[in-house]
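Written below as structure tokens is the structure these notes are about.
What follows is calculated from the coordinates using simple rules that are stated; it is not laboratory data. Keep in mind the model is a prediction, meaning the values are calculated, not measured. In this analysis, Cβ positions are derived from the backbone assuming ideal geometry, glycine residues included, and neighbour counts consider all displayed protein chains.
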Amino acid sequence: MKDAMTKSDLQLTLRPAADRGMANFGWLQSAHSFSFGNYYDPDFMGFGNLRVINDDKVAGGRGFPNHPHKNAEIFSYVTKGALEHRDSMGNGSVVGEGGIQYMSAGRGVTHSEFNPSDTEDMQFHQIWLMPSVANTEPAYDTRDLTTEDKDGKLKLFLSADGRDGSMVTQADASVYAATLSGEQRIDYDQNPIRKGWVQVIKGSLTVNGIQLTKGDGLAIEGGGALTFAQGDDAEFLLFDLAA
């Protein structure tokens, strides 16, 4: 990560998009914010209970065949095309752009993920959080976020307590999505006993004056006021994480 920048009691550390681990398998192109697969960096094993952020592009008709997971809270945030999911719990769904699919692997589950289009690429971010309790009952859920849901505001879609209609996760985390453009501004109070992470999905914005562009991450430690501003067709995720 780049050198930390501070404002009040906050420590903000940039994780530039260009520094991520890259993988190209032809049908799959992926950028890893943290160590994953063949990309390993002991300095980037995760942040708090956030373990994986993979920015994936999947060719038409391709995908991830049936494989197991255990004790991981996994969600996919679809940004282009659609993602088809099937699992050993009997779930099957197709989530389109703006949608989110969530799976709590618990004591164990197998699933597959595919691009249902034969001709068009699809893109999504796959994110793993570590659960607070191991070996729980596996679960699956989806949400579709509208443009209005996240226009100039933080939309909570995943939380430990299911508040505001969000999906319930076994991780001690709350996850928000937002878009930002023009004069829009979002203010957020970072809890000093928590950690935070910002992941830019597209466009650009500033966080407390720090410029972020597509693929950048920002680690947040300490407490204080965060200001999201100067959005240029920006879309981002904000994670409130256990320290």
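Tabulated data for the structure shown
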| item | result |
| --- | --- |
| For Cα extents along the principal axes in Å, calculated from these coordinates, the label among [x] 49, 39, 38; [y] 48, 45, 31; [z] 59, 37, 34 | [x] |
| Within straight-line cross-link reach of LYS153, aspartates and glutamates at Cα separation under 17 Å, skipping those fewer than 8 residues along the same chain | ASP144, ASP164, GLU183, ASP187, ASP189, ASP232, ASP233, GLU235, ASP240 |
| Difference of contour (0.36 nm per residue) and Cα-Cα distance, GLN11 to ASN66 | 15.7 nm |
| Fraction of antiparallel bridges per DSSP, the stretch 61-178 only, in percent to nearest 5 | 95 percent |
| FRET efficiency, 1/(1 + (r/R0)^6) with R0 25 Å, evaluated for PHE25 and SER117 via beta carbons | 0.85 |
| Antiparallel bridges, percent of DSSP beta bridges restricted to the stretch 5-242 (to nearest 5) | 95 percent |
| Net lengthening on full extension, THR110/VAL94 (0.36 nm per residue, minus Cα-Cα) | 4.1 nm |
| Two-site label geometry, ASP164 and GLU137: point separation in nm, points 7 Å out along Cα→Cβ | 2.7 nm |
| Whole-angstrom gap from the stretch 32-61 to the stretch 142-187, using each part's C-alpha centre | 22 Å |
| Whole-Hz ³J(HN,Hα) from phi, Karplus 6.51 cos²θ - 1.76 cosθ + 1.60, for the stretch 182-192, glycine and proline x | x, 8, 5, 9, 10, 10, 9, 9, 7, 5, x |
| Linear extension gain, ASP144 paired with ASP41, 0.36 nm per residue minus alpha-carbon span | 33.7 nm |
